[in-house]
1. Conditions first: (1) modelled with pLDDT of 90 or more; (2) loosely packed, with under 14 Cβ neighbours inside 10 Å. Gly102 passes all but one, so which condition is the exception?
2. For residues in the range 19-46 being touching a Pro at 6+ places or on another chain (Cβ under 7 Å) and β-branched (Val, Ile, Thr), which is surrounded by the fewest Cβ atoms within 10 Å (Cβ to Cβ)?
3. Run down Asp204, Asp166, Asp170 and say which single residue is of a type outside the set (Lys, Arg) and crowded, with 21+ Cβ neighbours inside 10 Å.
4. I'd like the full set of residues that are outside any loop (DSSP other than H, G, I, E, B) and open to solvent by less than 30 Å² (accessible area, probe 1.4 Å), limited to the range 47-69.
5. Can you list the strands (runs of 3 or more DSSP E) found entirely within the range 108-226 that contain at least 3 residues being within 17 Å of the chain's Cα centre (by Cα), among the polar types (S, T, N, Q) and over 21 Å from Val38 (Cβ atoms)?
6. If I filter the range 175-201 down to residues being more than 19 Å from Gly55 (Cβ to Cβ) and among the hydrophobic types (A, V, I, L, M, F, W, C), which single residue comes out as surrounded by the fewest Cβ atoms within 10 Å (Cβ to Cβ)?
7. Just give me the residues in the range 1-18 being open to solvent by 70 Å² or more (accessible area, probe 1.4 Å) and either modelled with pLDDT of 90 or more or part of a strand (DSSP E or B) (or both), in sequence order.
8. Cβ-Cβ below 9 Å, separation at least six or inter-chain, first residue in the range 19-34 and over 13 Å from Gly103 (Cα atoms) and among the basic types (Lys, Arg), second open to solvent by less than 40 Å² (accessible area, probe 1.4 Å) and in a helix (DSSP H, G or I): which pairs?
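The values are calculated or read from the model by the stated rules, or taken from the named source; none is laboratory data. As the structure is a prediction and not an experimental result, all values here were calculated from the model. Note that we place each Cβ from the backbone using ideal geometry, even for glycine, and neighbour counts take in every protein chain shown. Please note that ligands, DNA and RNA were not included when accessible areas were found on the heavy atoms of the full protein model with its side chains. Shrake-Rupley method; radii C 1.70, N 1.55, O 1.52, S 1.80 Å.
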Amino acid sequence: MEENLKFDADEIFYDDPAAQAALENYGIKYLFPWQRLVIANILDAAKGEDREILGKQIVLLPTGAGKSLCFQIPAILLDGPTLVIYPLLALMSDQYRRMKEGGMECVIFRGGQDEKERQENFRQLEKGAKIIIANPEVLSNQKLLEQLCKCGIKHVAIDEAHCISDWGHDFRPEYRNIRPIINKIGEAPIIALTATATPKVQNDIQKNLGILEATVFKSSFNRPNL
């Protein structure tokens, strides 16, 4: 099911936990209706409500539209960590820095880490770190993945999801291996996000992730200010 939602609403919502989290953690006074719906679907699916329908979402929106709030706010509210998968080490490091600067407790798993660094990450998760940043390569380590599965991951977000498709730019073969990782984690809700996807790329994302029935949020990529 596709939701083509316009972003011209200026409504301010303070009557739900997501809006409160946005205000208290980011100083954001309102969420767009599409953000509220995506977040509500994640939270409800994480509780086991209509997981087959609500727990599979695709967000196809331009850079700067506020996609990251769709997994950061649920991460704040859920009682277990959110796994966010990125394609590039540089992007992972940048997002880790931004999250830490914004007060979000997070950990990063990447290649080349020693055992001491990995164990410190798990200690932070035990203390309540909200987001796990990783890439498909490091998650292919079965021992590490098994340890992560014991952390009670509640939600999986795949950023730059167009990297899954060999029909699009920036194709990453390793992104084709995400579905087995999700299967290992269990029944956590899934959200795939990208700022660029043709219909062919979108279909490829959904097929590879096994979420053909996902709800799709999209808007026009024509931006008059550019």
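1. The single condition Gly102 does not satisfy is (1).
2. Going through the range 19-46, the residues touching a Pro at 6+ places or on another chain (Cβ under 7 Å) turn out to be 39, 42-43, 45-46.
Then drop every residue that is not β-branched (Val, Ile, Thr), which leaves 39, 42.
Working: Ile39: 25, Ile42: 29.
Filtering first and then ranking leaves Ile39.
3. On the way: Asp166 fails: crowded, with 21+ Cβ neighbours inside 10 Å; Asp170 fails: crowded, with 21+ Cβ neighbours inside 10 Å.
The match here is Asp204.
4. Lys56, Gln57, Ile58, Val59, Leu60, Leu69, listed by residue number.
5. none
6. Let us first name the residues in the range 175-201 that are more than 19 Å from Gly55 (Cβ to Cβ), namely 175-177, 195-201.
In the following step, the residues that additionally are among the hydrophobic types (A, V, I, L, M, F, W, C) were identified as 195, 197, 201.
Details: Ala195: 17, Ala197: 24, Val201: 22.
Per the stated criteria, the residue is Ala195.
7. Result: Glu2, Asn4, Pro17.
8. Short answer, once both residue conditions are applied: Lys29/Ala19; Lys29/Ala22.
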